[in-house]
Amino acid sequence: MATVKQPAHNASTVTVPTSTMTETIENAGVVQKAATPVPELHPQWHSLDLAALLAQPTAFLSISQNNSLYSPKGAQARERQWERPTLENTVKVAVAARRAGAKFFWIGYDVFRQSYPKTSLDEAQYRTWYEPYKHWSDEQKRWDGELVDELKALQQPEDVTFFETAHQSSFIGTTLPFYLSRWGIRTLVITGIHLDWCIEGNARAARDHGLNPIVIGDAAACQHQEDEPAALRRINTFFAPVISADTSVRLLDRAIALRAARSPQASLEITAKP
């Protein structure tokens, strides 16, 4: 079978079947689309030790993974994001990140932005998002923006939860920069939706804030899946390493081992966490 190679940094090469690009699976009448293949790590990132970056103070960012997108009852249900594997891949990475002692940020994105401060362009654009649902109750709107249940189950009391207020950046108008600075965070692991909007926008912003973003390509998605290869290639080429969920899990586990080698007591504290 033909393969697309994604180098696992400073380790053996990972291979991904190219057939996954178009493969769909019928499961109890529900179509499950395979993830768009993660591109080869761009050569410019080959000199990086990604596990070492993840051994630094790290934060896991889940962006816009809410009922609006993952439920057939959501305002953005037309995208049918539940048919793609981004959610299960996010869970996989989140569990590994928790094991590695990462800080967690659950970042929502609300389409009901009537009360947000807006420019003329914002007003025109946001109106097209919420006007079709103006008959919805306040309770329906609140539910629409909530974190999806699969990720709610992973939340811990110390995690940070907030909504983006800017157009595509979690760094503007939120407490994110404050927390990252106070916690000394150096590396960000980013998952969520939309890949060519908030994920790319936050990867760009992270670089400009002096951080090291790593985007999990198969735990992120565009509105239209056909747009994903170009978005993944653009992010990987210009802004951040793009890796798969499986690769990130291995790297996060290696990061634990690296910290253990440096400070056995610190590793014991991390692995002892529930």
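The values are calculated or read from the model by the stated rules, or taken from the named source; none is laboratory data. For clarity, every value in this text was computed on a predicted model and none was experimentally measured. All Cβ positions, glycine included, derive from the backbone under ideal geometry; neighbour counts span all protein chains shown. Quick note on the areas: whole protein, heavy atoms, side chains included, nothing else; ligands and nucleic acids left out. Shrake-Rupley method; radii C 1.70, N 1.55, O 1.52, S 1.80 Å.
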**Study point:** Percent breakdown of C-alpha pair distances by 5 Å bin, ordered from the shortest bin, for the stretch 29-113
**Key:** 3, 11, 16, 18, 18, 16, 10, 6, 1, 0
Point to revise | Rg and Dmax of the stretch 71-215, Cα atoms only, in Å | key: 15.8, 45
Review point. Semi-axes of the stretch 137-274's equivalent ellipsoid from the Cα gyration tensor, sqrt of 5 times each eigenvalue, largest first, rounded to whole Å?
Key: 26, 21, 16
Point to revise | Over 18 Å [Cα-Cα, the stretch 174-236], rounded percent | key: 33
**Study point:** Quotient of Cα Rg and 2.2 N^0.38 Å for the chain, N being how many residues it contains
**Key:** 1.00
**Study point:** PHE178-THR165 pseudo-label distance in nm [points 7 Å out on the Cα-to-Cβ vector]
**Key:** 1.0
Practice item. Could you state the angle between the C-alpha long axis of helix 120-130 and the longest principal axis of the C-alpha atoms of the chain, as a value from 0 to 90 degrees rounded to the nearest 10? Key: 80
Check your understanding: What is the distance in Å between the Cα centres of the stretch 54-105 and the stretch 152-187?
Key -> 14
**Study point:** Pairs beyond 25 Å (Cα-Cα), from LYS103/LYS134; LYS33/LYS92; LYS103/LYS141; LYS73/LYS134; LYS73/LYS152
**Key:** LYS103/LYS134; LYS103/LYS141
Study note, to complete from the structure: Over the chain, with neighbouring protein chains present, the accessible area per residue in Å² at probe 1.4 Å is 47
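Run the helix sum for the chain: -39,500 (n - 2.57) per DSSP H stretch of 4+ residues, divided by residue count, reported at 222 nm to the nearest 500 deg cm²/dmol. Provide the component values of the computation, followed by the final result.
Numbers: 11 runs with 99 residues, N = 274.
Helix-only estimate at 222 nm: -10000 deg cm²/dmol.
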Exercise for review: For HIS46, tell me the accessible area in Å² from a 1.4 Å probe, rounded to the nearest 10.
Suggested key: 80
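Rounded to two decimals, what ratio of Rg to Rh does the stretch 114-171 give with C-alpha atoms and a Kirkwood Rh? Don't skip to the end; give the middle numbers.
Details: Rg = 14.1 Å, Rh = 13.8 Å.
Reported Rg/Rh (Cα atoms, Kirkwood Rh): 1.02.
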Check your understanding: In degrees from 0 to 90, rounded to the nearest 10, what is the angle of the helix 86-99 Cα long axis to the longest principal axis of the chain?
Key -> 50
Exercise for review: With label points built 7 Å along Cα→Cβ from the Cα atoms of ARG80 and GLU150, find their separation and express it in nm.
Suggested key: 1.7
Exercise for review: For THR119, THR187, give the ranking by accessible area with the largest first, probe 1.4 Å.
Suggested key: THR119, THR187
Practice item. Using only Cα atoms, find the angle between the long axis of helix 228-238 and the longest principal axis of the chain, and express it within 0 to 90 degrees, rounded to the nearest 10. Key: 50
